[in-house]
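The values are calculated or read from the model by the stated rules, or taken from the named source; none is laboratory data. All values derive from a computational prediction rather than experimental measurement. Note: ideal-geometry Cβ built from the backbone for every residue, glycine included; neighbour counts use all protein chains shown.
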Amino acid sequence: MANPIKPDRSVVTTCAYCGVGCNFKAETHQGRIVRMTPWKDGKANHGHSCIKGRFAFDYYNHADRIRKPMIRDSISEVWHEVTWEQAFDFAAQRFRRIQSRYGRQAIGGVSSSRCTNEEIFLTQKLVRAVFGNNNIDNCARICHSPTQFGLSATVGWGAASQHFDSILQADVIMVVGANPTEGHPVFGSLLKRRVRQGAKLIVLDPRQTETVRSPHVRADVHLALRPGTNVAVLDSIAHVVVREKLYNEAFVRERCEWEEFEHWAELVGSDRYAPEAIGPVAGLDPADIRRAARLYASGPNSAIYYGLGVTEHSQGSTGVMCLGNLSLACGMLGREGVGVNPLRGQGNVQGGSCLGSWPHVFSGYRFVTDDEVRGSFEAEWGVALDAEPGLRLPNMFDAALTGHFRGMFIMGEDPVQSDPNQGHTIAAMSEMECVVVQDLFLNETARYAHVFLPGSSSLEKDGTFTGAERRVNRVRKVVEPLAGLQDWEIVVGLMNAMGYKCHYDHAGQILDEIARLSPAYRGLSFELLDRVGSAQWPCDEHAPEGTEVLHRERFPRANGRGTFMLTEYVPTRERVTDQHPLLLTTGRILSQYNVGTQTRRTANSRWHSEDILEISAEDAAARGIKDGDMAWLSSRFGATQLRARISQRVNPGTVYTTFHHAETRVNVVTSDLSDWATNCPEYKVTAVEVALVKPAGFDEYGRSLDRHAGLAAPDLSTATTASHPGRQEVHA
Ligand code: SF4
C-alpha cells in the first residue's frame, strides 16, 4: 500500500546494517522519517535493498531512546540526568583520577562498526592523543580481525579484492562460512543471479543454508563440514590442487614467492591432508572434497566469498590464510570475476579496521612502533604518542580482573551481550571505576556504566561508512540528533573536557584529517563523494575516483609478490564430551541485526521474535524434544534456554542458533577460546548439551520466564551463569 504521507524533504544516505552498504533516499515529513527508498544510483545496491534497510528505521525514534546524558557514582545507584558539560566533566575527572592512581595505561576505549569512519578515527585519537596510550580496540576484534591478519600475510591487504559486481563474471563461486542470503541479502541476490546464469557454486558450511539450496539455486558441492574443521578441509582442497597439479604455475612464478609456494605445497601435499584422511575428521565424503578442489581450480574465473564461519575459530587467521594461499596458487586474483572477499558483518567493519581502532596500528594499518609513521601523527595532533602497542579488548577485561585496568570508554558497543563467556565480561566490567557508554539505548553493558552519553543513530549524523567491498559511502544527516549532538561531537566534547583542545566545524574536516594521515584514503573528501557518489579505496592520485579490483599488477607487499603461509591444521581444544556431546554454532537471520539493539525495536521483530535452536530430528528424538519445545542449552561455561526447532539444515551432532535477543543470552554458553593470532572468539564451536525443559516452572538462572511461563529447568548442576547486577532506573 502506498505511504499516504507526502514527504517534504529527502536525503540520500547509506544503510548502517550490513557491509553491503546500500544507498537509500530517506524521506521525511515535518522532521520525521516516513520512507526509505533504495537508491537506484547506489553503486553497491543499484536500487535494491532488504527488509532491514527498507523497514527497520523506526528504532531511531523509539521511546527507549535516551535523550539526556546521565551519571552515577556507582553501578548500584540510579542514574541522574545531567547536562552534556556535567557528563563530560564527570567522565574526564574520573578518567584522570584513575590514571593518577593506577597509571596512564589503566584506561582505554573501544569503538564500533556501527559508527562512522570519522567517529572511529576520533575515538582512537581520543585514546592515543588524550589518554596517552594505545589501549584502543574495536568490535572487529570479535568478528573479522583474522581477516586483517590472514589476508595481509598472504596478499598484502586485509580487505576484499573485488567490487560486488565482479561476481557477475565469476564462473565458479566458493562460499565459505557465510550465508549471504541472510547476512548480506542484496549481495546474496546478486550471487544467486549469477548461479542462475550458470556459475558453479561450492559452499562450505555445517548447515544447509538458503545459499546451499533455495528456489532455482542449488550448490554443486556442499561440504557440510563438522564445526572446527575448516582448516583441515581447506588444506585438503589445497592437497588436491597440489597433487593433481591444478595450480597456475605461470601465475605463481610471475606474481608470487616461488620458494614459499614450494614450502606450502610440501605441507598441504602431504598424505595427512589427503581427502581420504580428512574426510572422516570433517564428516565429509572425500570425493566431495576432490570435486570442490577440481571445480575451484578449473575456473577459469573462481571467486571466494567468506564470513565469520571462517574467522570465529581458534584457527580463524589460519583459515583466512588458507583462502589467500588457495587463490594465489590457482591464479585467482587481479582481475574481474575472481578474488578473495570477506563479507563484513556490520555496516562499517571495514572502516573499523582501516581507521586505526587497533592497539598496534594507526589508520592505514601502519604500526605504532614505526617512528616515521608515529611522527606524522604527532605532528598533526601536536602531542607525543606512545610507541608501545596497547591492550586488546579481551586483555582489557583480563587486566580489570587483576586490578591493572580501571576505566573504559565504549562507543556504540555492547560487549556484555556480544562478547563470549559473558560471566567473565561482567566480572571485569564490575571491577571498573569508570565505564562510559555512548549508545542509543541503555544496553546490557550500561548496567555496569557510570556515565551514559546518548549517541546519535546513523540517521542523525554526517560522515562515511566503508562497506565490505572497500566502498566509502556518504552517511548524511536525515533528522536532527535526538539528544542534541552527533557522535563525533560527543567525542570532541570529552577530549576538550580532558584538556586536549580540539575543534571541527563539520564531519568533513575529520575525513580531511583521515585523508592527510592515511595513504589509501588520501583522495577522499565529502566533495569527491558528493560528486561521484562513492569510491573504493585505495583512492589517491593514481586512482582519483577509487579502485574496483585490487592486485592487478602487484601485491601491496614490499616486493610486490603474494606469498604462502604454512597452515597446519590444529584441532580446537573445544571437544565434545559425554557431558557435552553436541557442537553449537551460531549465526544471524535476515530480519535482525547483530545483538538486535536496533531491529528488536522495530516491526521486524514480527518476523523473528526470539532466538531459535535448530536441532536434527535424531538428536531431538534422543532427548525427547519435539518441535517447539523449550530446551536447555548448556556448556561448561553456562546455560540458557530457548525454543527448539527440528531442522534438516543441521547434521546430527550439530545445533545452531542466532544471538539477536538479549534475553536468550547465548553468550553465557559460548566458550572463552579464541584465535591464536588475533583473539577473535571461537563463537562457531562450543561443546554443548541440550535437554528438554519440563513443564512445572522455575528458572534457577534468574531469567524472566514471562514468555515461557510454566516451564522449568532440568538439573544442570554443573552449569554456571552470571548474575545481572546494575540498576537501570533513571532519576530525572
Ligand atoms: S542490511 Fe545490508 S543488504 Fe539490507 S539494506 Fe542494509 S546494507 Fe542493504
Discussion item. Regarding the range 373-391, can at least one residue be identified that is within 30 Å of Asp73 (Cα to Cα), assigned by TED's automatic domain parsing to the domain that holds Tyr521 and not hydroxyl-bearing (Ser, Thr, Tyr)?
Written reply: yes
Worksheet item: Considering only residues of the range 194-244 that are assigned to a loop (DSSP other than H, G, I, E, B), free of Cβ contacts under 8 Å to residues at least 40 places away in the same chain and farther than 18 Å from Leu295 by Cβ, which is nearest to the chain's Cα centre (by Cα)?
Response: Glu210
Worksheet entry | Search result, residues across the range 503-524 that are free of Cβ contacts under 8 Å to residues at least 12 places away in the same chain and not in a helix (DSSP H, G or I) | His503, Asp505
Worksheet item: What's the number of the condition Tyr593 fails, among (1) modelled with pLDDT under 65; (2) in a strand (DSSP E or B); (3) not charged (D, E, K, R)?
Response: (2)
Practice prompt. Scan (1) basic (Lys, Arg); (2) modelled with pLDDT of 60 or more; (3) under 24 Å from Arg344 (Cα atoms) for the single condition Arg600 breaks and write down its number.
Written response: (2)
Fill in: Residue in the range 564-571 that is at pLDDT 95 or above, over 28 Å from Ser357 (Cβ atoms) and surrounded by fewer than 19 Cβ atoms within 10 Å (Cβ to Cβ) present
yes
Worksheet item: Phe88: touching a Cys at 6+ places or on another chain (Cβ under 9 Å), under 24 Å from Asp487 (Cα atoms) and more than 16 Å from the ligand (Cβ to nearest atom), yes or no?
Response: no
Discussion item. Can you tell me which residue is surrounded by the most Cβ atoms within 10 Å (Cβ to Cβ) among those in the range 10-51 that are at positive phi and more than 7 Å from the ligand (Cβ to nearest atom)?
Written reply: His46
Worksheet item: Pick from the range 85-113 the residues that are hydroxyl-bearing (Ser, Thr, Tyr) and crowded, with 20+ Cβ neighbours inside 10 Å: which of them is nearest to Thr402 (Cα to Cα)?
Response: Ser111
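I'm trying to understand the selection: among the residues of the range 96-149, which are of a type outside the set (S, T, N, Q), within 20 Å of Met432 (Cβ to Cβ) and at pLDDT below 90?
Restricting attention to the range 96-149, the residues satisfying the condition of being of a type outside the set (S, T, N, Q) are 96-98, 101-104, 106-110, 114-115, 118-122, 125-132, 136-137, 139-144, 146, 149.
Imposing the further condition that a residue be within 20 Å of Met432 (Cβ to Cβ) reduces the set to 96-98, 101-104, 106-110, 126-127, 130-132, 136-137, 139, 141-142.
Matches in the range 96-149: Cys139, Arg141, Ile142.
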Worksheet item: Restricting to the range 161-194, what's the tally of residues that are more than 18 Å from Glu312 (Cβ to Cβ) and within 16 Å of the ligand (Cβ to nearest atom)?
Response: 14
Worksheet item: Are there any pairs, at least 6 apart or on different chains, whose C-beta atoms fall under 6 Å, with the first in the range 271-290 and in a helix (DSSP H, G or I) and the second of a type in the set (Lys, Arg), and if so, which?
Response: Pro275/Arg290; Ala282/Arg226
Fill in: Near pairs, Cβ below 9 angstrom, 6+ apart or cross-chain, from the range 543-561 (farther than 17 Å from Glu336 by Cβ and outside the structural domain of Ser327 (by TED's automatic domain parsing)) to any residue that is among the aliphatic types (A, V, I, L, M) and assigned to a loop (DSSP other than H, G, I, E, B)
Phe555/Val155; Phe555/Leu333; Pro556/Val155; Pro556/Leu550; Arg557/Val155
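Rundown of residues vs (1) outside any helix (DSSP H, G or I); (2) in contact with a Lys or Arg (Cβ under 7 Å, 6 or more places away or on another chain), yes/no style:
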{"position": "Phe90", "(1), (2)": "no, no"}
{"position": "Ile98", "(1), (2)": "no, yes"}
{"position": "Arg114", "(1), (2)": "yes, no"}
{"position": "Arg128", "(1), (2)": "no, no"}
{"position": "Asp137", "(1), (2)": "yes, yes"}
Discussion item. Pairs needed: first member in the range 46-57, of a type in the set (Lys, Arg); second member anywhere, within 6 Å of the ligand (Cβ to nearest atom); C-beta distance under 7 Å; at least 6 residues apart or different chains.
Written reply: Lys52/Tyr17
Fill in: strands (runs of 3 or more DSSP E) contained in the range 608-653 and holding at least 3 residues free of Cβ contacts under 8 Å to residues at least 60 places away in the same chain
639-646
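For the range 323-442, list the helices (runs of 4 or more DSSP H) that sit wholly inside it and hold at least 2 residues that are among the small types (Gly, Ala, Ser); which are they?
It comes to 349-354, 371-381, 393-401, 422-431.
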Fill in: Flag for Val78 being in contact (Cβ under 8 Å) with a residue 60 or more places away in the chain and touching an Asp or Glu at 6+ places or on another chain (Cβ under 6 Å)
yes
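Any chance the range 52-59 includes a residue that's more than 13 Å from the ligand (Cβ to nearest atom) and under 19 Å from Val475 (Cβ atoms)?
Yes, some residue in the range 52-59 is more than 13 Å from the ligand (Cβ to nearest atom) and under 19 Å from Val475 (Cβ atoms).
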